[in-house]
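Chemist: Here it is, the structure, as structure tokens.
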Amino acid sequence: MTNVRDREQQIPACVSPEVLDEQLRVGPSEASAGGPEAVRVGLTASVEQMGIARAVSALLEVNQATGFDCPGCAWPDPDDRRSVAEFCENGAKAVAEEGTRARITPEFFARHSVEELSMKSDLWLGQQGRLTTPMLLSAGARHYEPISWTDAFTLIGRELKALASANEAVFYTSGRTSNEAAFLYQLFARKLGTNNLPDCSNMCHESSGIAMTQAIGTGKGTVSLKDFDAADCIVVIGQNPGTNHPRMLRTLQEAARRGCAIISVNPLEETGLKRFRHPQELRGLFGSGTPIASLHLPVRINGDVALLKGIQKAWLESPELRVDSEFIKRHTEGFDALRANLEATSWGDLVEGSGITQLQMRDAASVIGSSKAMICCWAMGLTQHRNAVANIQEIINLLLLGGHFGRAGAGACPVRGHSNVQGDRTMGICERPSLEFVRSLSAEFGFDAPCAPGFNTVEAIEAMHAGKVKVFIALGGNLVSAAPDTAYTAQALRCCGLTVQVSTKLNRSHLVTGLRALILPCLGRTERDMQSSGAQFVSVENSMGVVHSSQGRLDPASEHLRSEPAIVAALAHAALGVDWSVMVGNYDRIRERIARVVPGFDDFNVRVRERNGFVLPNLVRDQRVFPTATMKAQFTVHSLPRLQVRQEQFILTTIRSHDQYNTTIYGLNDRYRGIHQGRRVVFMNAQDIAARGFAPGDPIDLISHHNGQQRRAKNFRLVAYEIPRGCIASYFPETNVLIPIDSVAESSHTPTSKSLIVSVEKATA
Ligand code: SF4
């Protein structure tokens, strides 16, 4: 059998097979999150993948002060209140994914061609285990073949040196990359001469960063974990912590128990915000759990601006409620324009736009308007809309009205989805670096770092599609599945001369490649990282700006693996001839450079070794100072978004199941929503199902409509679910095929994955 792909061979599939789930079972949603079932599922996944001994040693290390940081989300650790088992069910699954005993060896790739692998589901690909050996897919080849590290780096170096411009290369980063690796990676790209440093943050909290920087002068959250102990009102909007930040439920439970009002705003009433059973409490194991949200507002998809304006209007109209006039006078601008706009906005428009009644908005206003210390938390449910920046700035308006910045128990809390996505940005992984950063990097390393903006993620994909990118390098991640417009993104990757994936596990981006492709297997966060000076630790930054160490403890999955910093240093040597071996030999040397380039990292090597790490300075949180152009926080006025949705159409929001982390599929269950053994489901209001002549369980296709273009995703089953009429939800990455590449948020350019106009048709073959 030749290894040469001939004309007849299929182009590898860029999505999981679009077939109906034959084993699908739909039952009632669970009444509470956590509890014994979370323990059972988390431990089962760990033991099945890692075996008892490795599972126990890994789970006793995760999120411990001297252990490793969970490779899952970026919810902070409770410093001095860590429990022995400081992880959630999905944290256990994330550790098991990396700690698995399953291995992918060269023989695996000899057995399976790229096309054949592409016909497998994303779940199956992830279950094949850890990558162990550098692999090359030669031009026209059907199978990956082993290659030595030296030859791999030589090949990449040669390709990069042959570029007419450094801007013909793109350096993508997923949010799992450590600070040390991220700092070297951006240095490498900038020494090469480009700012083409797109990252997963472009597709998630970019809207938060831009909205907050404009309004309050910082793009980062302004609360600490301790603030949750002092808040009397917590708003959770566009976020599903039960699945995506599960340890947050413990924090919300403690708040609810002491009488803190918790308002959940989401088209879906998520189980985690209904009740939580803390599995490390007897009453959590045997009781019915603690009610979390005291008020749930089932807002229409993309109805957040209308809802938040409605709450502000009710607040200002209410004679009983007061705004913090002293704070507004001293620290803000734009209040009068806001008040005038709210007065001019009709309740009719606000009710119609939000799908929430005036009474509900007044009830929410009475809670929010009488709060002495309020925290607003949000995630992708707000950041991935055309008007995402407006969504977040309306939240900032709400917080400013009550003076909820720079005091205990109050502030903004964008909850990051990836464990170090915030750290990577802080390290310079950004296509638009600040002038200060460019200057201090250039001074520190004695070169002229580029200032010209590079490509963000969507721009990088468009540039690849246009043939402007010859080399694409990804430090982690799974771009073809995470990005919008899957077929377009796949075509874009295929336009590259060389695609390189630095990865721990097999995923679809290894199967949708450039003319040639390389897989470079790296150490995971959980694994021991030995360098010439001994065992190394790395650092990460969580959603609350806490920088702390993470030391891998598990035996590496293969002797051939290399750490991310070592791989980046070797790439830089191959392409630029620079020798960073001293920095790789001891990561303290990298941190010394970071300390001289990145503000807030003085004495980095000393402070990162402190038990709980250290907190980065934040003027808004620490000093109630708003570093905007005028040093005043900005009230902003936004018009009501108007999506042109025809009678027969729906607004689709893409979501994660409980057995998923970003594009990593852990399993086929989403028990909190009553879904078992299936992923190709569409959640629709029972009345809409009936009104369209369908029945629950019917097979349907989804078709998106954008600028006269249509995109189809096939073979989903309808599931009757509590969701506002005219709104539907379905999982990504399956529905990413529907999202047009040019359907992005204003200013932030984030894909509009949370509000898409679609129609539903009887399934075609
Ligand atoms: S809450 Fe997030 S960081 Fe914490 S254990 Fe769970 S997945 Fe990991």
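Chemist: Tell me, which residue of region 510-534 that is over 19 Å from residue 95 (Cβ atoms) and assigned to a strand (DSSP E or B) is most open to solvent (accessible area, probe 1.4 Å)?
Modeler: Among residues in region 510-534 that are over 19 Å from residue 95 (Cβ atoms) and assigned to a strand (DSSP E or B), the one most open to solvent (accessible area, probe 1.4 Å) is 530.
Chemist: Could you grab me the full set of residues in region 628-652 that are more than 27 Å from the chain's Cα centre (by Cα), open to solvent by 50 Å² or more (accessible area, probe 1.4 Å) and either farther than 15 Å from residue 331 by Cβ or not charged (D, E, K, R) (or both)?
Modeler: 629, 630, 631, 637, 639, 644, 645, 646, 647, 648
Chemist: Could you figure out which of (1) open to solvent by less than 10 Å² (accessible area, probe 1.4 Å); (2) in a helix (DSSP H, G or I); (3) within 16 Å of the ligand (Cβ to nearest atom) isn't true of residue 175?
Modeler: (2)
Chemist: Here's a follow-up. Determine which member of the set 653, 630, 636 is over 27 Å from residue 751 (Cα atoms) and away from the ligand (no atom under 16 Å from the Cβ).
Modeler: 630
Chemist: Something else: Please verify whether region 219-227 includes one or more residues that are more than 16 Å from the ligand (Cβ to nearest atom), under 19 Å from residue 370 (Cα atoms), in contact with a strand residue (DSSP E or B) (Cβ under 8 Å, 6 or more places away or on another chain) and open to solvent by less than 30 Å² (accessible area, probe 1.4 Å).
Modeler: Yes, there is a match, as at least one residue in region 219-227 is more than 16 Å from the ligand (Cβ to nearest atom), under 19 Å from residue 370 (Cα atoms), in contact with a strand residue (DSSP E or B) (Cβ under 8 Å, 6 or more places away or on another chain) and open to solvent by less than 30 Å² (accessible area, probe 1.4 Å).
Table: residues versus (1) outside the structural domain of residue 432 (by TED's automatic domain parsing); (2) open to solvent by less than 10 Å² (accessible area, probe 1.4 Å).
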{"position": "191", "(1), (2)": "no, no"}
{"position": "198", "(1), (2)": "no, yes"}
{"position": "213", "(1), (2)": "yes, no"}
{"position": "216", "(1), (2)": "yes, yes"}
{"position": "248", "(1), (2)": "yes, yes"}
{"position": "266", "(1), (2)": "yes, no"}
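Chemist: Please give the number of the condition residue 734 fails out of (1) touching a Ser or Thr at 6+ places or on another chain (Cβ under 7 Å); (2) surrounded by fewer than 23 Cβ atoms within 10 Å (Cβ to Cβ).
Modeler: The single condition residue 734 does not satisfy is (2).
This table checks each residue for (1) within 16 Å of the ligand (Cβ to nearest atom); (2) surrounded by fewer than 22 Cβ atoms within 10 Å (Cβ to Cβ).
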{"position": "241", "(1), (2)": "yes, no"}
{"position": "254", "(1), (2)": "yes, yes"}
{"position": "257", "(1), (2)": "no, yes"}
{"position": "269", "(1), (2)": "no, yes"}
{"position": "281", "(1), (2)": "no, yes"}
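Chemist: Kindly indicate whether any position in region 405-422 is closer than 20 Å to residue 604 by Cβ, open to solvent by 10 Å² or more (accessible area, probe 1.4 Å) and hydrophobic (A, V, I, L, M, F, W, C).
Modeler: No, every residue in region 405-422 fails to be closer than 20 Å to residue 604 by Cβ, open to solvent by 10 Å² or more (accessible area, probe 1.4 Å) and hydrophobic (A, V, I, L, M, F, W, C).
Chemist: Another one. Please state which of the following conditions residue 349 fails to meet, knowing it meets all the rest: (1) in a helix (DSSP H, G or I); (2) under 25 Å from the mean Cα position of the chain (by Cα).
Modeler: Among (1) in a helix (DSSP H, G or I); (2) under 25 Å from the mean Cα position of the chain (by Cα), residue 349 violates only (2).
Chemist: Which of the residues spanning region 25-57 are open to solvent by less than 40 Å² (accessible area, probe 1.4 Å) and more than 26 Å from the chain's Cα centre (by Cα)?
Modeler: 27, 51
Chemist: Taking only pairs six or more apart or across chains, which ones have beta-carbon atoms under 7 Å, a first residue in region 236-247 that is in contact (Cβ under 8 Å) with a residue 40 or more places away in the chain, and a second residue that is in a loop (DSSP other than H, G, I, E, B) and within 8 Å of the ligand (Cβ to nearest atom)?
Modeler: Short answer, once both residue conditions are applied: 244/73; 245/73; 245/75; 246/88; 247/75; 247/88.
Chemist: Could you list, in sequence order, the residues of region 483-492 that are buried (at least 24 other Cβ atoms within 10 Å of the Cβ) and either touching a residue at least 40 places away in the same chain (Cβ under 8 Å) or in contact with a Cys (Cβ under 9 Å, 6 or more places away or on another chain) (or both)?
Modeler: The answer is 483, 484, 485, 486, 489, 490.
Chemist: Which residue pairs have Cβ atoms under 7 Å apart, sit 6 or more places apart or on different chains, and have a first residue in region 45-72 that is within 21 Å of residue 416 (Cβ to Cβ) and of a type in the set (Val, Ile, Thr) and a second that is in a helix (DSSP H, G or I) and within 14 Å of the ligand (Cβ to nearest atom)?
Modeler: Partner pairs satisfying both residue conditions: 62/91; 62/95.
Chemist: Restricting to region 10-39, count the residues that are free of Cβ contacts under 8 Å to residues at least 24 places away in the same chain and within 16 Å of the ligand (Cβ to nearest atom).
Modeler: 0
Chemist: Under the condition of being part of a loop (DSSP other than H, G, I, E, B) and closer than 24 Å to residue 660 by Cα, which residue from region 106-123 is nearest to the ligand (Cβ to nearest atom)?
Modeler: 121
Chemist: With the requirement that a residue be open to solvent by less than 50 Å² (accessible area, probe 1.4 Å) and part of a strand (DSSP E or B), what does region 599-627 give you?
Modeler: 614
Chemist: For region 311-320, does any single residue satisfy the condition of being in a loop (DSSP other than H, G, I, E, B) and in contact (Cβ under 8 Å) with a residue 24 or more places away in the chain?
Modeler: yes
Chemist: Please count how many residues of region 60-93 are more than 10 Å from the ligand (Cβ to nearest atom), closer than 13 Å to residue 525 by Cα and either in a helix (DSSP H, G or I) or open to solvent by less than 10 Å² (accessible area, probe 1.4 Å) (or both).
Modeler: Matching residues across region 60-93 total 2.
For (1) among the β-branched types (Val, Ile, Thr); (2) part of a strand (DSSP E or B); (3) away from the ligand (no atom under 16 Å from the Cβ); (4) within 13 Å of residue 728 (Cα to Cα), each residue gets a yes or a no:
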position: 644; (1), (2), (3), (4): no, no, yes, no
position: 648; (1), (2), (3), (4): no, no, yes, yes
position: 658; (1), (2), (3), (4): no, no, no, no
position: 687; (1), (2), (3), (4): no, no, yes, yes
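Chemist: Any chance region 94-105 includes a residue that's away from the ligand (no atom under 16 Å from the Cβ), over 30 Å from residue 541 (Cβ atoms) and among the basic types (Lys, Arg)?
Modeler: Yes: region 94-105 contains one or more residues that are away from the ligand (no atom under 16 Å from the Cβ), over 30 Å from residue 541 (Cβ atoms) and among the basic types (Lys, Arg).
Chemist: Residue check: is residue 467 open to solvent by 10 Å² or more (accessible area, probe 1.4 Å), under 25 Å from residue 562 (Cβ atoms) and outside the structural domain of residue 748 (by TED's automatic domain parsing)?
Modeler: No: the conditions fail for residue 467.
Chemist: Within region 156-163, does at least one residue satisfy the condition of being surrounded by fewer than 22 Cβ atoms within 10 Å (Cβ to Cβ), at negative phi and not assigned by TED's automatic domain parsing to the domain that holds residue 531?
Modeler: No: zero hits.
Chemist: Now a separate question. Here's a check for you: in region 498-509, which residue that is in contact (Cβ under 8 Å) with a residue 60 or more places away in the chain and touching a Phe, Trp or Tyr at 6+ places or on another chain (Cβ under 9 Å) is nearest to residue 664 (Cα to Cα)?
Modeler: Result: 506.
Chemist: Search region 331-355 for residues that are under 20 Å from residue 651 (Cβ atoms) and in contact (Cβ under 8 Å) with a residue 40 or more places away in the chain and pair each with any residue that is open to solvent by 60 Å² or more (accessible area, probe 1.4 Å) and outside any helix (DSSP H, G or I) when their beta-carbon atoms are under 7 Å apart and the residues are at least 6 apart or on different chains.
Modeler: 351/357; 354/300; 355/300
Chemist: Return a yes/no flag: does region 138-152 have any residue that is part of a helix (DSSP H, G or I) and within 16 Å of the ligand (Cβ to nearest atom).
Modeler: Checking region 138-152: not a single residue is part of a helix (DSSP H, G or I) and within 16 Å of the ligand (Cβ to nearest atom).
The values are calculated or read from the model by the stated rules, or taken from the named source; none is laboratory data. Keep in mind it's a predicted model, so treat the numbers as computed, not measured. We place every Cβ from the backbone using ideal geometry, glycine too, and count neighbours over all the protein chains shown. Keep in mind that these areas ignore ligands, DNA and RNA; they rest on the heavy atoms of the full protein, side chains included. Shrake-Rupley method; radii C 1.70, N 1.55, O 1.52, S 1.80 Å.
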